[in-house]
Structures are given as C-alpha cells and as structure tokens.
Amino acid sequence: MDPYPELPPPPPGGEPEVEEVAPEGPTRSTGKAIAVVAGLLIALAGLVAAGLWWLGGPGVCDQSTVESARFGYCVAAPGWELTNEAAQANLPYDELIKPADASTVRIMAIQLPTGQGLNDVVKAARDIASQDGVKVGEVVQRRVAGVPAAQWDFVLDGGQVEQQVREVVFVRGDAAWRIQLQADSEGFDTRVAEFEDILRTWTFR
C-alpha cells in the first residue's frame, strides 16, 4: 500500500486561473502636491515683487530737499535753503539758512590723517572753540547716519544778538563731519527741533 495516496484529479475545466495584480505604484497625496506648488508660486511672486521694487522703487534721496553733490549726502530740510548756489565765493562748507530768522546750519567734511578717529576730532574741535574764549558744554554721545557721534553746545556773545550753537561731529570712513546749528538764543529751541529732524534724515548717496 502506497503511504502517499494520489491527489484527487483537478476539477473540470482545467487548472484555476490566477489573476495577476499589477503592483501598486507609490502613492502621492494630492493635498501635499498642491501645497508644494502653491508655495513655489508664492515664492516666485515674492521674487518678482522684490525685483519690481528694486527697479522702480524710490531712490535714497527722493524724499530729500537738499542734496550735496560735493559732499555726497542728502537730507530732508523743509523751509531751509541751500545758500551755496547763490554765494559769490566758493564756501568751504555747505550752508543751509532759515530765511525767517537767519538761523544757519553749516556742514563740512574734512579728510582725516591715517589713524585718527572720533575722539581726535572731538578734542580738536573743542580745543579750537576754547581758544577763542568760548565756554564749551559737555559732550553728549549720540548717533548720526548710523555711526557714533558727539555733540555739545556753546554760546557766541560777541555780536549784537547772542547766538547759540550746537555742534555735532562724527566719522565715516576716512572723513570727519562737522555740523553746526547757529540760532539766536530766543529761537534756539525751535531750531534745535528742526535740526534734529534734519539729522534723522541724513543719508549718504
């Protein structure tokens, strides 16, 4: 007797057919794809907008009322006039004047010797004023045009009307800048407020 009986015959109709199922491809989330495309479009729009702003946006001096070709700066100083163009002599500084009371702002740039900095400029400017017998006020630390600056006040009483002066100095690159406001003592506080507005808008071209 065979220990392994024969297998029963296959059912009628031949061997059963086995359906082949195609392997599933990698699935992709439709929502994720939309989010990626949207992100790319937003980034592209941002780049286009930045390019248009750079090409057609305002220049650094568009909001200024005074622009100095000689010293390479611009400021917004409404109500102040640049007198250099009307002056017969070539002034060594830029001068703004307030026609209402003849207050002035004088701006000068001086080439610095190698190795000199703000402290040297402050000392030299204060020494010059002191030599004329002027009592110079305390130094106040501040900033102008994004760089450290120093300011002080003093009084000029040699003329018919006492004049009060505020001087601001700072160093940028290899140049020292001296900016002086001069006004009569009665209207000094008003002009100082305007002077501060001018300094806040100071921009190098």
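The values are calculated or read from the model by the stated rules, or taken from the named source; none is laboratory data. This is a predicted model, so every value here is computed, not measured. Here the Cβ positions follow ideal geometry from the backbone for every residue, glycine too, while neighbour counts run over all protein chains shown. These area figures cover heavy atoms from the full protein model, side chains too; ligands, DNA and RNA do not enter into them. Shrake-Rupley method; radii C 1.70, N 1.55, O 1.52, S 1.80 Å.
Couple of notes before you dig in:
- Ordering of 59-65, 166-172, 70-76 by burial proxy (mean other Cβ atoms within 10 Å per residue, highest first): 166-172, 70-76, 59-65
- Prolate/oblate/rounded label for region 118-205 (Cα gyration tensor, a/c 1.5): oblate
- The spacing between region 64-107 and region 109-181, judged by their C-alpha centroids, is 18 Å.
- Gyration tensor verdict on region 64-134 (Cα atoms; rounded if a/c is under 1.5, prolate if a/b is larger than b/c, oblate otherwise): prolate
- Taking only protein heavy atoms and a 1.4 Å probe, the accessible area of region 56-151 is 51% carbon and sulfur.
- FRET efficiency, Ile110 to Asp157 (Cβ-Cβ, R0 30 Å, nearest 0.05): 0.65
- Figure note: Arg143, Arg126 ranked by solvent-accessible area, largest first, 1.4 Å probe, ligands and nucleic acids not counted: Arg143, Arg126.
- Over region 57-205, the hull volume per residue, using the convex hull of the C-alpha atoms, is 132 Å³.
- The mean accessible area for residues of region 78-205, using a 1.4 Å probe and ignoring ligands and nucleic acids, is 57 Å² per residue.
- Region 62-103 shape via C-alpha gyration tensor axes, a/c threshold 1.5: oblate
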